[in-house]
1. First select every other residue whose beta carbon is under 15 angstrom from the beta carbon of S261; then total the charges, Lys and Arg +1, Asp and Glu -1.
2. In a solvent-free Debye calculation with one equal scatterer on each Cα, what is log10 I(q)/I(0) for region 86-295 at q = 0.08, 0.11, 0.15 Å⁻¹, listed in the order of the q values?
3. Mind listing the long-range amide H neighbours of F151? Cut-off is under 5 Å, sequence gap 5 or more, other chains count too, H placed in the peptide plane at 1.01 Å from N.
4. Using a 10 Å cut-off around each Cβ, can you sort W135, W251 from fewest to most neighbouring Cβ atoms?
5. Compute the distance in nm between two label points, each set 7 Å from the Cα along the Cα-to-Cβ direction, one at Y114 and one at I11.
6. Kindly put R179, R156 in sequence by how many other C-beta atoms sit within 10 Å of each C-beta, fewest to most.
7. Show the residues, 5+ positions off or on another chain, whose built amide H is closer than 5 Å to the amide H of T68.
8. Please report T98, T68, T162, T185 as a ranked list, fewest other C-beta atoms within 10 angstrom at the top and most at the bottom.
Amino acid sequence: MIPVLFGVTVIISSLIYLAPGDPARAALGNQADAEAIQEVRADLGVDDPIYVRYVDWLTDVLQGDMGTSIVTGEPVSAMIAERLPATLELSIVAMLITFIIALPLGVAAAVRQYSWLDTGSMIFAIFWLSMPSFWLGLILIFLFAVQWQIFPISGRADSFLTLEWLSYLALPAFAIGARRAGLLTRLMRSSMLEIINEDYIRTAKGKGIGSQAVVYTHAMKNAMIPVVTLVGLQVPLIISGSVIIEIVFAWPGLGRLLVDSVLRRDYPVVQAIVLVYSCLVLVANLAVDVSYTYLDPRITYD
């Protein structure tokens with residue numbers, strides 16, 4: 001994780017250095033004179049060599065200082081701390097929706113292969129895979145918020161774990177989670193089909209163990225290994241998908257802050273948010289690696 005994170009910091013700093021636009025002019029506006037702009041550029045270190053800017057920024061980050069916003073003058077750490085819970089909340093609930101939809105459908109499709117349930121689940125998977133999350137979000141807003149007025153159009157509830165909280169979270173989380181469920185359903189079905197045809201599954205059935213016990217105790221646990229691997233690969237897609245969905249639903253998370261900061265050329269905020277996103281992805285992949293030892297005790301890490 002440490003070498004990967006180091007590489008991420010190098011890439012972030014390089015892209016920020018090569019990005020077009022003048023952050024000093026973005027901070028002062030187009031009406032500022034050249035002398036004031038030059039003073040701000042000196043304060044920001046814009047004219048310093050790229051390696052000097054990188055070392056200064058990395059040193060500050062290691063000390064817990066992510067810099068100051070060029071536009072608002074607020075500490076970047078405080079801005080991220082304010083927005084991060086909303087993004088984590090949306091991503092975690094979206095992942096839960098993915099599991100709730102994909103796992104039962106994939107298992108049922110494999111157990112009842114070539115039935116109407118199998119066909120219907122595969123149609124469902126292809127349909128959601130073909131639907132961009134932002135387009136699905138707009139459709140959900142039109143149907144459930146504008147036409148039927150069941151859920152609010154945008155925003156986030158002040159309360160937590162209440163009906164109001166759920167009403168604000170339902171549409172954006174479903175827009176992210178449903179699309180990921182399509183791919184996960186297909187993989188769960190194929191993984192289950194491979195497992196239920198193994199000799200030890202037939203042996204368990206021959207010993208008189210009930211079909212449901214065989215499926216949910218023996219087959220499903222072993223079939224989860226490739227599924228969990230895919231979940232680790234889906235985490236970056238869910239996080240990147242939340243960036244667009246946060247804009248569509250005006251969700252006050254890191255994704256919305258990232259887009260606003262890019263448009264305003266607020267480079268310290270952009271650097272810090274991308275670094276936080278990278279840490280979230282690395283932690284999620286570490287959790288996936290650790291979960292292998294639970295799913296398959298034969299896997300050990302020395």
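1. Its environment carries a net charge of -1.
2. Listed by q, the Debye log ratios stand at -0.34, -0.61, -0.99.
3. Amide H neighbours of F151, under 5 Å, 5+ apart: A145.
4. Numbers: W135 13, W251 25.
Lowest to highest Cβ neighbour count: W135, W251.
5. 4.6
6. On the way: R179 24, R156 20.
By the 10 Å Cβ count, ascending, the order reads R156, R179.
7. V76
8. T162, T68, T98, T185
None of the figures in this text is laboratory data; all of them are computed from the coordinates on show. Not measured: the values here are computed from a predicted model. Reconstructed Cβ throughout: ideal geometry from the backbone, glycine too, with neighbour counts over all protein chains shown.
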